[in-house]
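Below is one structure, written out as structure tokens, with a few remarks after it.
The values are calculated or read from the model by the stated rules, or taken from the named source; none is laboratory data. Note that the coordinates shown come from a computational prediction; the quantities given were computed from them, not determined experimentally. Cβ placement follows ideal geometry from the backbone for every residue including glycine, while neighbour counts extend to all protein chains displayed.
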Amino acid sequence: MSFGKITHTPVGLADVLCDEYELKLRIENTACTVFKDYGYRMVQIPTFEYFDVYSVSTPTQAEHMFKFFDNDGRMLALRPDLTTSVARMAATKPAAGKLPLRISYCGSAFRNEENFSQARQREFTQVGVELIG
């Protein structure tokens with residue numbers, strides 16, 4: 001397999017090497033344990049959704065989303081945050097449970113911003129909780 005002359009990641013993306021990745025996992029696991037101790041249950045949401053899910057709820061972020069099209073020509077977007085997808089899931093899936101919902105999550109989010117720094121990458125991890133209802 002040849003990688004040609006490209007020997008680096010795209011701007012705003014980074015490889016996370018062993019020691020840093022292990023630290024990242026420990027932090028995530030600690031947060032998730034605390035969330036669970038307070039009655040929050042983990043969910044997994046898609047990495048991308050229909051663009052409209054995000055453009056309606058966060059229209060100011062629409063220009064900073066990574067967008068692409070599926071085979072049927074529908075616009076999709078990599079999630080710019082996980083909160084919007086969790087809200088969509090809770091609103092559309094009766095199996096999410098009865099209110100109040102205590103939902104926690106951990107995953108990558110993506111923003112296509114031109115003005116970013118080492119502290120603000122185009123791909124980043126978001127860990128959080130949502131109390132719904």
For a quick check of your reading of the model, give me the residue pairs whose first member lies in segment 36-65 and is aromatic (Phe, Trp, Tyr), whose second is loosely packed, with under 12 Cβ neighbours inside 10 Å and in a loop (DSSP other than H, G, I, E, B), with beta-carbon atoms closer than 7 Å and at least 6 apart or on different chains. Tyr50/Arg74
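Is there a residue being farther than 15 Å from Gln126 by Cβ and of a type in the set (Lys, Arg) anywhere in segment 91-101? Reasoning before the result, please.
So the first thing to find is which residues in segment 91-101 are farther than 15 Å from Gln126 by Cβ, and the list is 91-101.
From the residues that got through so far, the ones that are of a type in the set (Lys, Arg) too are 93, 98.
For segment 91-101, residues farther than 15 Å from Gln126 by Cβ and of a type in the set (Lys, Arg): present.
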Say we look at segment 1-28 and pick out the residues that are in a helix (DSSP H, G or I) and in contact with a strand residue (DSSP E or B) (Cβ under 9 Å, 6 or more places away or on another chain); which of these is nearest to Glu123 (Cα to Cα)? Lys24
How many residues are assigned to a strand (DSSP E or B), touching a Ser or Thr at 6+ places or on another chain (Cβ under 9 Å) and of a type outside the set (Lys, Arg) if we restrict to segment 29-61? 2
Give segment 85-101 a look and list any residue that's of a type outside the set (Ser, Thr, Tyr) and either surrounded by fewer than 14 Cβ atoms within 10 Å (Cβ to Cβ) or in contact with a strand residue (DSSP E or B) (Cβ under 6 Å, 6 or more places away or on another chain) (or both), or say none. Val86, Ala90, Ala91, Lys93, Pro94, Ala95, Lys98, Leu99, Pro100, Leu101
Condition broken by Gly39, with the remaining ones in (1) on the phi < 0 side of the Ramachandran plot; (2) out of contact with any helix residue (DSSP H, G or I) (no Cβ under 8 Å at 6 or more places or on another chain) satisfied: (1)
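Does Gly128 satisfy the criteria of being assigned to a strand (DSSP E or B) and either modelled with pLDDT under 90 or in contact with a Cys (Cβ under 9 Å, 6 or more places away or on another chain) (or both)? Talk me through it step by step, then tell me what you get.
Details: assigned to a strand (DSSP E or B): yes; either modelled with pLDDT under 90 or in contact with a Cys (Cβ under 9 Å, 6 or more places away or on another chain) (or both): yes.
Yes; evaluated as a whole, the condition is true for this residue.
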Any hit, segment 45-52, residues being loosely packed, with under 13 Cβ neighbours inside 10 Å and of a type in the set (Phe, Trp, Tyr): no
